[in-house]
1. Would you order 69, 61 from fewest to most other beta-carbon atoms within 10 Å of each residue's own beta-carbon?
2. Note the angle between two axes, namely the Cα long axis of helix 56-76 and the longest principal axis of the Cα atoms of the chain, as a number of degrees from 0 to 90, rounded to the nearest 10.
3. Going by how many other Cβ atoms sit within 10 Å of their own, how do 21, 55, 86 line up, fewest first?
4. How much length, in nm to one decimal, is gained on full extension between residue 93 and residue 68, taken as 0.36 nm per residue of separation minus their Cα-Cα distance?
5. Along the Cα-to-Cβ line of residue 17, 7 Å from the Cα, sits a label point; which residues in region 39-57 have backbone N less than 14 Å from it?
6. Read through the labelled values [x] 36, 33, 20; [y] 71, 34, 21; [z] 33, 31, 26 and report the label of the one computed as Cα extents along the principal axes in Å from the structure.
7. Between the helical axis of 86-101 and the dominant principal axis of the chain, each derived from Cα atoms, what acute angle in degrees is found, rounded to the nearest 10?
């Protein structure tokens, strides 16, 4: 199958082009990547039966869009803060309570 954007690539074939797993490419299509600007960038794709397909052109556009959004985030000083690890936060709170109880 081909389109004006070139031949369609399976998630596996696209992954091999970029040294990624097919699951990483699938995530780019379905869940996107959150850029430094806070915007979520998605890889354009089509669905053919059970398969997701993309093209080299769409991969290039995806990376260009992601780079643009990352630069926009850097220019405004925005950053994507990682979610706190609730288990670590809880462990720190427990340790602080234990120290306070011991008078330390």
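1. Numbers: 69 20, 61 15.
Lowest count first: 61, 69.
2. In the chain, helix 56-76 runs at an angle near 40 degrees to the longest axis.
3. Numbers: 21 13, 55 21, 86 8.
Placing the least packed residue first, the sequence is 86, 21, 55.
4. Details: separation 25, 0.36 × 25 = 9.00 nm, distance 3.94 nm.
Here the segment from residue 93 to residue 68 would lengthen by 5.1 nm.
5. 43-46, 53-57
6. Of the labelled values, this structure produces [y].
7. Between the helix axis and the principal axis of the chain, the angle is about 10 degrees.
Read-outs throughout are calculated quantities, based only on the coordinates presented, and are distinct from any laboratory measurement. Given the structure is predicted, the values throughout are model-derived calculations rather than measurements. Cβ atoms come from the backbone with ideal geometry, glycine included; neighbour counts cover every protein chain shown.
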